[in-house]
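A.B. asks: I have a structure I would like to understand better, so I am pasting it below and will then ask my questions one at a time.
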Amino acid sequence: MRPLKFGIRINNKERATEGFTLYSPLWDKKTSLISMDGDLMHEWDLPSTPGGYARLLPNGNLFYATTTEGGPPFKGGAKGGLMREVDWDNNIVMEYRDDWQHHDLRRLDNGNILYAGWEIMPEEAAKRVKGGIPGTENPEGIVGDFIKEVTPAGEVVWEWHAHSDMDIENYELHPLVPRRVFAWCNTVSQLDNGDILISMRQINLVAIIDRVTKKFKWERRDDDWGHQHDCQMLKNGNIMLFANGMNTAFPHTHSYITEFNPINNETVWEYRDNPRTFFYSPHISGAERLDSGNTLICEGSSGRIFEVTPERETVWEFINPKFDDMFMGDKVNWIFRAFRYSKESPEIGGRL
C-alpha cells in the first residue's frame, strides 16, 4: 500500500506515550531523534550507513553499528562491522571493529559488547545442513552464525558458534530460503541471569542459550512466524517478537506482533491489522513494549513506526520521508528498529 502522507500521520496526545523516537533510516548516514509532532530534536552523523540500528544508552550516549568493507561474501543482511559509542555531541567514546558483525549488538552493563557475527562454516559442519533451496550455497561455502562478548579492548571473554554448539541436523532450513546462511541470527540479548536470547530467521527459531553449557535451555520453533525478528524478554517474563509472516501457509501474507508465555507457549497478546494485509514487512522490523503498556511497532520495509494500545488502537504513526538508494538500485525508506525514550529517562537526561 503506497502511503499518501509522510511524517506524522496520527498523534493522539491523550493516549500516545509522550517521548522522543529514535530511528536510523537504512542507507542514510544519520540517526535521528524526533518529537511526538515529528520535529527533529537531535541528530547524529554516522561514518557510513547503519548496520541495522542505533540505541541510546542509560548514560545518554549513542551506541550503533555501521557498515565496513570486507566481511561475508554477499551484500545486505544488516551487515555492520564498526561498533561505536559516541556522546551527545558525536565524540567517539569507544569503538570496536569486526567486519563480520551483523544485525544485532548490545552494550552490556559491565561495559562489554555482545554481538552476532558470521563466519564460513567448517566443511564437515556445512555438510550437515539440511533443507533450503538446493544449489544456493556461496562458492566459499555456507556461512554460519557466532555470538561473542568482547571487552572494549577487544578481548573475547565468551563465544558461541552455531557450527559447534548446535545439533545442526535437528534444525532444517525452511525450504524456501537460500542455503547460503545457517541459520541467520537477527537478535541477540543478554537476560538478567546471563543467558542469551536469540532469534534465528532461516529456521523460525527463538531460543535461550545457557551461558555455561552453551546449549539451548529453552527453544520454540514456529513456521507461522514467517522468519521473525526482534524477540525480547519483557518485564513480565513473557517473550514478544515481530512475526514477519513471510513464506507462511496463510493465503494472504501479513505480519503480526505476538507476546507469549515461554513456559506454556500460550499467546498472551497479539497485534494484527484489519484487514491483515495492511500490515506487512517481510524482513527487518521490530516492536517495543512501552512503560505505558502501549507497544511501539516498526514496520521496517514501509519505513513506518506506529504505537498501539493494548486494545490495538493506533494512537501515533510516523512514516519515514527519507528515501535513499540501496545496493539493489531501489529507493527505500526502510527502518530496522525504532525506540521511544521519555523526557525523564536517563537516556535523554534532561538534554531536551
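The values are calculated or read from the model by the stated rules, or taken from the named source; none is laboratory data. Not measured: the values here are computed from a predicted model. For neighbour counting, all protein chains shown are included, and Cβ atoms are generated from backbone atoms with ideal geometry for every residue, glycine included.
A.B. asks: Among 143, 177, which is the only one that is of a type in the set (A, V, I, L, M) and under 18 Å from residue 79 (Cα atoms)?
C.D. replies: 143
A.B. asks: Something else about it: Report, by residue number, each residue of the range 249-258 that is over 20 Å from residue 269 (Cα atoms) and touching an Asp or Glu at 6+ places or on another chain (Cβ under 9 Å).
C.D. replies: Once the filter is applied, which keeps residues that are over 20 Å from residue 269 (Cα atoms) and touching an Asp or Glu at 6+ places or on another chain (Cβ under 9 Å), the range 249-258 yields only 249.
A.B. asks: Can you pull out the residues in the range 131-143 that are surrounded by fewer than 18 Cβ atoms within 10 Å (Cβ to Cβ), of a type outside the set (Gly, Ala, Ser) and either in contact with a Phe, Trp or Tyr (Cβ under 8 Å, 6 or more places away or on another chain) or more than 13 Å from residue 177 (Cβ to Cβ) (or both)?
C.D. replies: Hits for the range 131-143 are 138, 139, 140.
A.B. asks: Among the listed residues 85, 43, which satisfies the condition of being closer than 30 Å to residue 150 by Cβ, buried (at least 19 other Cβ atoms within 10 Å of the Cβ) and among the charged types (D, E, K, R)?
C.D. replies: 85
A.B. asks: Give the residues of the range 34-49 that are in contact (Cβ under 8 Å) with a residue 60 or more places away in the chain, of a type in the set (A, V, I, L, M, F, W, C) and under 18 Å from residue 333 (Cα atoms), sorted by residue number.
C.D. replies: Scanning the range 34-49 gives a single hit, 34.
A.B. asks: Any residue at all in the range 182-194 that's closer than 24 Å to residue 54 by Cβ, of a type in the set (A, V, I, L, M), free of Cβ contacts under 8 Å to residues at least 24 places away in the same chain and assigned to a loop (DSSP other than H, G, I, E, B)?
C.D. replies: no
A.B. asks: Among the residues of the range 320-335, count how many are part of a strand (DSSP E or B), out of contact with any helix residue (DSSP H, G or I) (no Cβ under 6 Å at 6 or more places or on another chain) and in contact (Cβ under 8 Å) with a residue 12 or more places away in the chain.
C.D. replies: The total comes to 3.
A.B. asks: If we only count strands (runs of 3 or more DSSP E) wholly inside the range 60-166, which ones have 2 or more residues that are of a type in the set (A, V, I, L, M) and modelled with pLDDT of 95 or more?
C.D. replies: Values: elements: 62-67, 81-86, 92-97, 101-107, 113-120, 131-133, 143-150, 156-161.
So the answer is 62-67, 81-86, 92-97, 113-120, 143-150, 156-161.
A.B. asks: What do you reckon, is residue 281 crowded, with 16+ Cβ neighbours inside 10 Å, at pLDDT 95 or above and closer than 25 Å to residue 28 by Cβ?
C.D. replies: yes
A.B. asks: Let me ask another. May I ask you to verify whether residue 306 is closer than 21 Å to residue 197 by Cβ, touching an Asp or Glu at 6+ places or on another chain (Cβ under 9 Å), in contact (Cβ under 8 Å) with a residue 40 or more places away in the chain and of a type in the set (A, V, I, L, M, F, W, C)?
C.D. replies: no
A.B. asks: Sticking with this one: Does residue 138 count as more than 20 Å from the chain's Cα centre (by Cα) and more than 22 Å from residue 215 (Cβ to Cβ)?
C.D. replies: Taking the combined requirement at face value, the residue satisfies it.
A.B. asks: Given the conditions (1) hydrophobic (A, V, I, L, M, F, W, C); (2) touching a residue at least 60 places away in the same chain (Cβ under 8 Å); (3) farther than 22 Å from residue 231 by Cβ, which single one is not true for residue 125?
C.D. replies: Result: residue 125 fails condition (2) only.
A.B. asks: For the range 50-80, which residues satisfy the criterion of being surrounded by 14 or more Cβ atoms within 10 Å (Cβ to Cβ) and either touching a helix residue (DSSP H, G or I) at 6+ places or on another chain (Cβ under 8 Å) or free of Cβ contacts under 8 Å to residues at least 40 places away in the same chain (or both)?
C.D. replies: 54, 61, 62, 66, 67, 68, 79, 80, listed by residue number.
A.B. asks: Conditions: (1) at pLDDT 95 or above; (2) in contact with a helix residue (DSSP H, G or I) (Cβ under 6 Å, 6 or more places away or on another chain); (3) of a type outside the set (Phe, Trp, Tyr). Residue 252 meets all but one. Number of the miss?
C.D. replies: So the condition that residue 252 fails would be (1).
A.B. asks: Let me ask something additional. What about residue 21, is it buried (at least 16 other Cβ atoms within 10 Å of the Cβ), touching a strand residue (DSSP E or B) at 6+ places or on another chain (Cβ under 7 Å) and in a strand (DSSP E or B)?
C.D. replies: yes
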